[in-house]
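The values are calculated or read from the model by the stated rules, or taken from the named source; none is laboratory data. These numbers were taken from a predicted model, which means no experiment stands behind them. Backbone-built Cβ (ideal geometry, glycine too); neighbour counts: all protein chains shown. For the accessible areas, the whole protein counts, side chains as well, though only heavy atoms, and no ligand, DNA or RNA atoms are used. Shrake-Rupley method; radii C 1.70, N 1.55, O 1.52, S 1.80 Å.
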Amino acid sequence: MKTCATIMRKRILIALIALCCVFTALFGRLLYIQIIDGAELRAKAAEQWYRDLPLKAPRGNIYDRNGNVLADSKDVFTLYARPNAVTDKEAAADAVSAALSLDRETVIKKLSSSVGEVTLKRKISATDAYALREKKIAGLYYTLDTQRNYPFGASLSQILGFTNIDNVGQSGIESYYDKYLTGVDGFAYTSTDIAGRELEDSITRYVPSIPGCNITLSVDSNIQSFAESAVKAAATEFNAKSASMVVMDVNTGGILAMAKNPSFDLNDPPRNDLELLNELSRNTMIVDMYEPGSTFKIFTTAAALEAGVVSDNDSFYCAGSRTVDGQRIRCWRSIGHGSQHLAEGVKNSCNCVFMDLALRLGTSRFYDSLRNFGLGQKTGVDFAGESSGMLMKQDNVKTVDLARIGFGQAVAVTPLQLITGVCSVVNGGTLYKPYLVASVDSYDGKNLAVRLPEAVRTTVSESTSAKMREYLRGVVESGGGSKAGVAGYAVGGKTGTAQKYVGGGIAQGKYVSSFIGFAPADDPKYAVLMIVDEPQGYMYYGSLVAAPYAGRVFANIFDYTGLEPTTLEQTEFTFMPDVIGETAADAVAALEKTGLHVELVGDGERVTAQTPVPNTRVAVNDSVLIRC
């Protein structure tokens, strides 16, 4: 009996231990489910008992430097359907297709699907959404969304860029600063039955979205409007392939305007033609390079002055060409400029003078100077796809190449590189890093970042800078840049006319006409670069094509900013002589005697055409054209 009792007690003990183990395991499993897997399981349960709809976060606004809205977001709606909750699919399809201009059969197909939720249409206007909502169709749901809106339409299209249907930046500032402009989406959720139908007593709960950051540009929308008017007018007048302009703050590197024609409306980009969209949205002022021609002579002159290889008293002789390494390189003026000092050479834009300066510098010293001006390297502007321009490999530069580089051939720059480097030449010698975005702020107004002017390095001394301002002022007052002048103000600058290359050779009849200037000349604040690509006809010189439009923009800026005139000098006028039939040399002599700056086209012996026509009233020192 004792043995049986002992066995029984052991069995009971084993059973108790087994039960304890079972309960311990169950309790452990319960703790595991509640504590470790609890969050995940609650989320799964919520997915079964709740239906959530996204609340898209508004994208941050983009402002100009004056607080004008350049890009914002407007409310639109997205229409969803839960097929299980749509009680009358035929009637619902009729109403939706009629109200939103959708294909009825497509709507029916979506409403008949077995998925829990389908999207019927996005980006619905508030008017259409409210009108459809009043019909109270079971199973249809609406969520607030946003759509990018550009109040100025086509303004700044190559700078601002655009977004896709999901409000993700695709180009320009919208793309480069996308992570700042993009907000955090919220959502709305409602309790439903197992079939996804909303419960009668359910309460919709909301988790609000967080708007994206706001961005303020260095751009001034008023100056931008001046630039856009100028490029549109120039492209139209000369039937050009394109026209573009950059306006920069000389003393900070801030980009005040950047315009290009042709352009497009940012609210209606041609998405159905990707090739056209890419072409129109391409910011050629930053991502493309071109041969600058005579505007490049600013760098050659500044480098030579800084190196001490030239002075005011140095004399140069131009017979119409130079022979370098056995190759005859022509000056733009085939009859030559004769004897001239440096200031006259700059004013006349004589190729021979700048060939001599480049040869005096030598390849090593010249290249060091060009790199110091920022050429052959990216400026670091806050914009995607910037080009570094092109300098020939230094070891491969022959003497004849060096001579050509001196007057702006055999070298390529971006418009932004050019204007940034020129600003350093005239502002006292400081090269600034150009920028487009001045500050970033959170949606509730907290400042997150402010961009201060960033000095990269010194390019020239103050004395060289002052001398360059003097020379370039002379170009506008009595040289090829006269049409960029503004009565009562001192403007400095340089024209440029460069042939284009296609397939490795010169493209006959295709030119890039340009002008780069700054004002006021004695204390520069604004720099303007105007480029006209492939103007049609024989009036392709930068002095006649680009300079006048730069002058218009300067005049607009002076009026807008209230800049006081610096001189009371009155414009003197003369009359255009009749030089048709005269030899080129005699015609040039007669026109220059009258006080006019002459641009010469063609290699004929006698003048066959002139612009303007004889006896036209023109300003003294204005640029005129004769064709031989």
Selection count where residues are among the hydroxyl-bearing types (Ser, Thr, Tyr) and either open to solvent by less than 10 Å² (accessible area, probe 1.4 Å) or touching a Gly at 6+ places or on another chain (Cβ under 9 Å) (or both), scope region 332-378: 3
Residue pairs meeting the criteria (Cβ under 7 Å; at least 6 apart or on separate chains; first within 19 Å of THR420 (Cα to Cα) and β-branched (Val, Ile, Thr), in region 237-251; second part of a loop (DSSP other than H, G, I, E, B) and open to solvent by 20 Å² or more (accessible area, probe 1.4 Å)): VAL250/ASN427; VAL250/LYS525
Matching option when the condition is among the polar types (S, T, N, Q) and within 30 Å of ALA257 (Cβ to Cβ), among GLN327, GLN377, GLN394: GLN377
Residues within region 518-540 that are within 22 Å of GLN409 (Cα to Cα) and within 20 Å of the chain's Cα centre (by Cα), tallied: 6
All positions within region 248-282 that are assigned to a strand (DSSP E or B) and either open to solvent by 10 Å² or more (accessible area, probe 1.4 Å) or out of contact with any Gly (no Cβ under 8 Å at 6 or more places or on another chain) (or both): ASP249, GLY254, ILE255, LEU256, ALA257, MET258, ALA259, LYS260, ASN261
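Just need a number here: residues in region 582-628 that are on the phi > 0 side of the Ramachandran plot and open to solvent by 60 Å² or more (accessible area, probe 1.4 Å).
1
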Test: residue in region 35-56 that is touching a Pro at 6+ places or on another chain (Cβ under 8 Å) and modelled with pLDDT under 85: yes
VAL579 vs. criteria crowded, with 19+ Cβ neighbours inside 10 Å, at negative phi, part of a loop (DSSP other than H, G, I, E, B) and modelled with pLDDT under 85: yes
Residue match in region 379-390 (condition: closer than 30 Å to LEU160 by Cα, surrounded by fewer than 17 Cβ atoms within 10 Å (Cβ to Cβ) and aliphatic (A, V, I, L, M)): yes
Selected residue (criterion: nearest to SER482 (Cα to Cα)) from residues of region 513-540 that are open to solvent by less than 10 Å² (accessible area, probe 1.4 Å) and among the hydroxyl-bearing types (Ser, Thr, Tyr): SER514
Elements of type strands (runs of 3 or more DSSP E) in region 285-339, at least 2 residues being under 30 Å from SER242 (Cβ atoms): 327-330
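Report yes if some residue within region 142-164 is without any contact (Cβ under 8 Å) to a residue 60 or more places away in the chain and surrounded by 13 or more Cβ atoms within 10 Å (Cβ to Cβ); otherwise report no. Show your work before the answer.
Within region 142-164, the first condition is being without any contact (Cβ under 8 Å) to a residue 60 or more places away in the chain, and the residues that meet it are 164.
Checking which are surrounded by 13 or more Cβ atoms within 10 Å (Cβ to Cβ) leaves us with none.
Scanning region 142-164 turns up no residue that is without any contact (Cβ under 8 Å) to a residue 60 or more places away in the chain and surrounded by 13 or more Cβ atoms within 10 Å (Cβ to Cβ).
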Among (1) in contact (Cβ under 8 Å) with a residue 24 or more places away in the chain; (2) under 26 Å from MET245 (Cβ atoms); (3) surrounded by fewer than 21 Cβ atoms within 10 Å (Cβ to Cβ) - the single one GLN170 does not satisfy: (1)
Residue list for region 582-628, filter: in a loop (DSSP other than H, G, I, E, B) and closer than 18 Å to SER334 by Cβ: GLU582, GLY602, ASP603, GLY604, GLU605, VAL607, THR608, CYS628
Residues within region 556-576 that are open to solvent by 30 Å² or more (accessible area, probe 1.4 Å) and either outside any loop (DSSP other than H, G, I, E, B) or in contact with a helix residue (DSSP H, G or I) (Cβ under 6 Å, 6 or more places away or on another chain) (or both), tallied: 6
